[in-house]
Amino acid sequence: MALKRGLYLFDPHANVLRQVVAEDIRAATGMQDFVGTAPLNLVYVADLARMSASDRTEQRFYSAIDTGFISQNVYLFCASEGLATVVRGLVDRRSLAKLMQLRPQQRVIVAQTVGYPKD
């Protein structure tokens, strides 16, 4: 998750956010003008190394399905809390992966902005 204060990775085993990058990379999470000032940009990353039993087509398929499940839950939460959100595919994945310090087997799938509705 990209915030003004840096990039964080959720560690589900410890149930904590761990800072990965100590700079504001929100603007790099998409090509739209609002991403750099949005309070939060989620970046969905597939770790293909953890999917070694699948061929490349299946890896992409399951990564997309999982991302859809997760992003839909964010949509539902935002709707319940009066927040705005949008999933974005317009991302320079290669540049963002470098900024995020991803390993070669990790792939940026999409990003999702969360913020406040504009009147």
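Kindly provide the set of residues from the range 1-42 that are in a strand (DSSP E or B) and either under 20 Å from PRO117 (Cα atoms) or in contact with a Phe, Trp or Tyr (Cβ under 6 Å, 6 or more places away or on another chain) (or both), ordered by number.
ALA2, LEU3, LEU17, GLN19, LEU40, ASN41, LEU42
Could you figure out which of (1) modelled with pLDDT of 95 or more; (2) in contact with a Leu (Cβ under 9 Å, 6 or more places away or on another chain) isn't true of SER54?
(1)
Being surrounded by fewer than 11 Cβ atoms within 10 Å (Cβ to Cβ) and over 13 Å from the mean Cα position of the chain (by Cα): is that true of GLU81 here?
The answer is yes for GLU81.
I'd like to check something: does the range 90-111 contain any residue that is surrounded by fewer than 14 Cβ atoms within 10 Å (Cβ to Cβ), at pLDDT 95 or above, among the β-branched types (Val, Ile, Thr) and out of contact with any Cys (no Cβ under 6 Å at 6 or more places or on another chain)?
Scanning the range 90-111, I find no residue that is surrounded by fewer than 14 Cβ atoms within 10 Å (Cβ to Cβ), at pLDDT 95 or above, among the β-branched types (Val, Ile, Thr) and out of contact with any Cys (no Cβ under 6 Å at 6 or more places or on another chain), so the answer is no.
So which residues in the range 87-117 are part of a strand (DSSP E or B), of a type outside the set (Val, Ile, Thr) and in contact (Cβ under 8 Å) with a residue 60 or more places away in the chain?
Scanning the range 87-117 gives GLN106, ARG107, ALA111, GLN112, GLY115.
Which of the numbered conditions does TYR44 fail, given that it passes all the others? Conditions: (1) crowded, with 18+ Cβ neighbours inside 10 Å; (2) without any contact (Cβ under 8 Å) to a residue 60 or more places away in the chain; (3) more than 19 Å from ARG5 (Cβ to Cβ); (4) of a type outside the set (Asp, Glu).
With (1) crowded, with 18+ Cβ neighbours inside 10 Å; (2) without any contact (Cβ under 8 Å) to a residue 60 or more places away in the chain; (3) more than 19 Å from ARG5 (Cβ to Cβ); (4) of a type outside the set (Asp, Glu) applied to TYR44, the lone miss is (2).
Touching a Lys or Arg at 6+ places or on another chain (Cβ under 8 Å) and either without any contact (Cβ under 8 Å) to a residue 12 or more places away in the chain or exposed (fewer than 14 other Cβ atoms within 10 Å of the Cβ) (or both): does that describe THR37?
The answer is yes for THR37.
The values are calculated or read from the model by the stated rules, or taken from the named source; none is laboratory data. Note that the coordinates shown come from a computational prediction; the quantities given were computed from them, not determined experimentally. Don't worry about glycine lacking a Cβ; one is built from the backbone with ideal geometry, like all the others, and counts go over all protein chains shown.
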